[in-house]
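Working notes for the structure below.
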Amino acid sequence: MRRDALATAEPGPSPLHIASPDTTHLAFAVAVAATPQPRETVEQAVNQLLETVGGPAGSHTGRRVVDTLISLGWLDDSDGRLIVVHDVVTDELLLQSLLPPPGWSVDVHSAASVFSALARQPRTFAVLTGHVRRLAADMEESGSSRRIAALERFCGEWITTHADPLGRLLANAGRDGGQALLTLVTSRPWQGFDHAVWGRLVEPWLVRAEADHIAQPFLTAALQSVDRVPSCLVEASLGWLARRGDQTDTEHLLLALLDRPDLAPEAEDAAADRALAWIPSRPDWRHTPALLKRLLRMRHPDDRLGRVVEVVRDWLTPYRRFGVAPVVRVFLQRADTGAAARQEIIDRMLTWLRTAYRTGSDMGPELCALLEHNGLPAPDRARLAHCAMDWLEQQRTHPRSGRVLRSLLSEDGCPPDLRPRLITFAQRWATERSAGLPGRPSVIGALLSDGSAPGTVASLLDQLAEQPDSPSAPAQLHSLLLHYQHLGSDQKRAAVTYAFAWLDGHPAHEECVGVLGPLLREPDLSFAQLRHAVQLGTTALLKRRDDNRLMAVLLSQLEGLAAEQAGAVADVSLEWLAYHGGKVQRAVLAAFLTRPDLSVEQARRGIDIALDRLSTETPAKNRTMLSGVLRHPALDESRRSRTVDCALRWLSANGRLPKARLIIEDLLTLPALSADDRRIAICSAEDWLALHGNGNEAFAYQLRAALGRDRLESLADAPPTAAL
């Protein structure tokens, strides 16, 4: 930007010097902030700025500014419509106009001039709000808390001051007005305006939008997006329900209201009452089951709970076809609905299942909902088991057949008179040659642990011997290896032999990780077999470099990998980790951090990726990753303080969990822990012992030992006077 001479001047040598953007810079900022729009609209916005702030006579016009930006390659003109080549152009020019160097505060005059020039047309103002929202999000991601606070303060004050003209501007602007107002209500840095101006800023548009039947999407999106719901938004939503609650799209607003955990009791009562009144008139609507589930998950006073139960009972009729299972599942999870109501729902469900079986309807989800409920009386469970068995024999390959089978095979899932029939069917199902039967490993595991099914393993091994390339072979091998402890010695050797034969013949198969993972965990493999399995896995990973499951399996294999193999797997994993996040990243990172045989550069790259994640997330499942960083030998001094901060942040969110002991122990054994951090770790240890010490004697002993060592080391390091 500086090569193009469009950036503001550098601040002077004094730290007290504050730069101010000139008119030229503001004109270019307005031009890019008004796009994407037709060229005439952009030029008009620039001219309005120049008329307001003044400047050298005739030196600039909207046309000249746009021509300059196009010639520099910052704007593209596509059939009269201007488009910025990259968002960074808009962000940089806006940033230097609103927060000029050194950037700690908003230049009120410049920012007001830019906003005023772009607030003459509804579409232009909507575009501006989106640009500033993106700019604030980038600032938040980079950790510029003071700068974004300054921008929020100015934007909130500016919106509050200009509420009347903005309300008049947007009142008749249709969807453009709704887009701008939604950004103002839900997004930083705009949402901090004084909500006392709601009636002048938002209400005029809402009145017109309600008449045009477009108010509901706005209210729903606002309720779903705000961090803390303002009372004016709740009142507007309840008012819309009172006037328009019979519209066909009402369920969206009802769900958005009931999903808010911060509603006032009076507002929650009103929303629940509206939902209970709406459901009977729309029993077959697509979102009615979701509304019923939400109502069943709420706390209710006794009188309202009775109404909820009555609505659910009336909704559950023999002809109901959609959404039955999730509603029944949530209903049965409640303990306060009363025994009579629960029994009535169970009776209705059993009637529903018999009707659905006669009509050939899909009963899988409903069977699972009832079978997985532990509170069914024995007679009802027996009736249900016979119904499920009849369904299974008709729906062998249904996606939920494995789940239904696993529930029936549980200890109290099937009456004795039905068990022989069930075992025979389960054995045939487990050896089904077709692929893609979910739940096969759990069913085989249940059969292997059942004394009445000794022939299951033999059937599987015979099928593998006869048809080693069958589509079901990987699932069967996975099941056998996963339940290795239930096999006899000869059966174990046969399962391992078939597994290696299949892996050798299918080195690039997408399911090879399902066979390789449990194979590598078998304790009876010889060293040669272990090296062979590792070689197969490494070769497969180098061909499929995005297979994160295979990465986790190989990285967690601490034996059998040669140094060059471990380095190659680490390189592939680091390449993948750099571009992937979320839950899939956690397992790979946790396994990566357990390897002691990587180069220092590889280890520290992995630690940096883990710290980037740990700095922004504190879920309990990050414990293994955090422990891996704390214990890693490549953790140097520059990364140690950041790791400790992550650990303390995690403990503040999860320190009461039983497994938090491991993080506390790692902290207490970490070298060079500061006095303040050690004090926090000791307090966490004492709190954990007070909460869990009596019920976990072995763990408590280990933590007390670490705590005792830490205190002794603290006394040894203290000055003599402090020790005395």
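The values are calculated or read from the model by the stated rules, or taken from the named source; none is laboratory data. Everything numeric in this text was worked out from a predicted model, so none of it was measured. Cβ coordinates were reconstructed from backbone atoms using ideal geometry, including for glycine residues, and neighbour counts include every protein chain displayed. Side chains included, ligands, DNA and RNA excluded: accessible areas come from the protein's heavy atoms. Shrake-Rupley method; radii C 1.70, N 1.55, O 1.52, S 1.80 Å.
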| task | For helix 215-225, report the angle its Cα long axis makes with the longest principal axis of the Cα atoms of the chain; keep it between 0 and 90° and round to the nearest 10°. | result | 70
| Amide H neighbours of GLN37 under 5 Å, counting only residues 5+ apart in sequence or on other chains, H built in-plane at 1.01 Å? | LEU82
| task | Provide the per residue accessible area, probe 1.4 Å, for the range 233-347, rounded to a whole number of square angstrom. | result | 47
| field | Fraction of accessible area attributable to carbon and sulfur, the chain (%, probe 1.4 Å) | value | 52
| note | If the chain between ASP249 and ARG321 were fully extended at 0.36 nm per residue, the gain over the current Cα-Cα distance would be 23.8 nm
| query | Roughly what would the spin-label model give for VAL207 and SER71, points 7 Å off Cα along C-beta, in nm? | reply | 5.0
| query | For the range 459-551, what is the accessible area per residue in Å², given a 1.4 Å probe and the full set of protein chains? | reply | 46
| task | Could you point to the label whose value was computed as volume of the Cα convex hull per residue in Å³ for the structure here, given [x] 236; [y] 371; [z] 254? | result | [z]
| query | HN-Hα J couplings of the range 127-136 from phi, Karplus 6.51/-1.76/1.60, θ = phi - 60°, integer Hz, Gly and Pro as x? | reply | 5, 4, 4, x, 5, 5, 4, 5, 4, 5
| field | Nearby lysines by direct alpha-carbon distance to LYS583 (threshold 29 angstrom, same-chain neighbours under 8 apart not counted) | value | LYS293, LYS543, LYS621, LYS659
| note | Expressed in nanometres to one decimal, the distance between label points 7 Å along Cα→Cβ at SER459 and ASP194 is 7.7
| task | Quick one: angle between helix 419-430 and the longest Cα principal axis of the chain, in degrees between 0 and 90, rounded to 10, please. | result | 60
| query | What residues have an amide H closer than 5 Å to that of SER472, excluding those fewer than 5 places away on the same chain, when H is modeled at 1.01 Å from N in the peptide plane? | reply | ALA435
| In the chain, with Lys and Arg counted as +1 and Asp and Glu as -1 at Cβ, which of these residues, GLN191, GLY517, LEU128, has the Cα nearest the positive end of the dipole, that is, farthest along it? | GLY517
| message | I need the calculated FRET efficiency for the pair GLN535 and LYS659, taking r as the beta carbon distance and R₀ as 35 Å, to the nearest 0.05. | response | 0.50
| Per-residue HN-Hα couplings for the range 513-526, Karplus 6.51 cos²θ - 1.76 cosθ + 1.60 at θ = phi - 60°, whole Hz, x for Gly and Pro? | 5, x, 8, 5, x, x, 5, 5, 8, 6, x, 8, 5, 6
| said: Under a Cβ-only charge scheme (Lys and Arg +1, Asp and Glu -1), can you give me the dipole magnitude of the range 115-230 about the Cα centre, in debye to the nearest 20? | reply: 220
| query | Taking 0.36 nm per intervening residue step and subtracting the Cα-Cα distance, what contour gain separates ALA675 from ARG631 on full extension? | reply | 13.9 nm
| field | Table column - 3J(HN,Hα) (Hz), the range 682-691, Karplus curve with 6.51, -1.76, 1.60, x for Gly and Pro | value | 5, 4, 5, 5, 5, 5, 5, 5, 5, 8
| query | To the nearest 10 degrees, how steep is helix 697-717 against the longest Cα principal axis of the chain, on a 0 to 90 scale? | reply | 50
| request: Between HIS509 and ALA700, with labels modelled 7 Å along Cα→Cβ, what's the label distance in nm to one decimal, could you check? | output: 5.1
| Picking from THR248, GLN333, SER237, whose Cα lies most toward the positive end of the charge dipole for the range 209-363 (charges on Cβ: Lys, Arg +1; Asp, Glu -1)? | GLN333
| request: Starting from the range 314-413, pick out the chymotrypsin sites (Phe, Trp or Tyr not before Pro) whose DSSP state is loop and whose Cβ has at most 12 other Cβ atoms within 10 Å. | output: TYR319, PHE322
| Stretchable slack from SER652 to ASP79, in nm (0.36 nm times residue separation minus alpha-carbon distance) | 200.7 nm
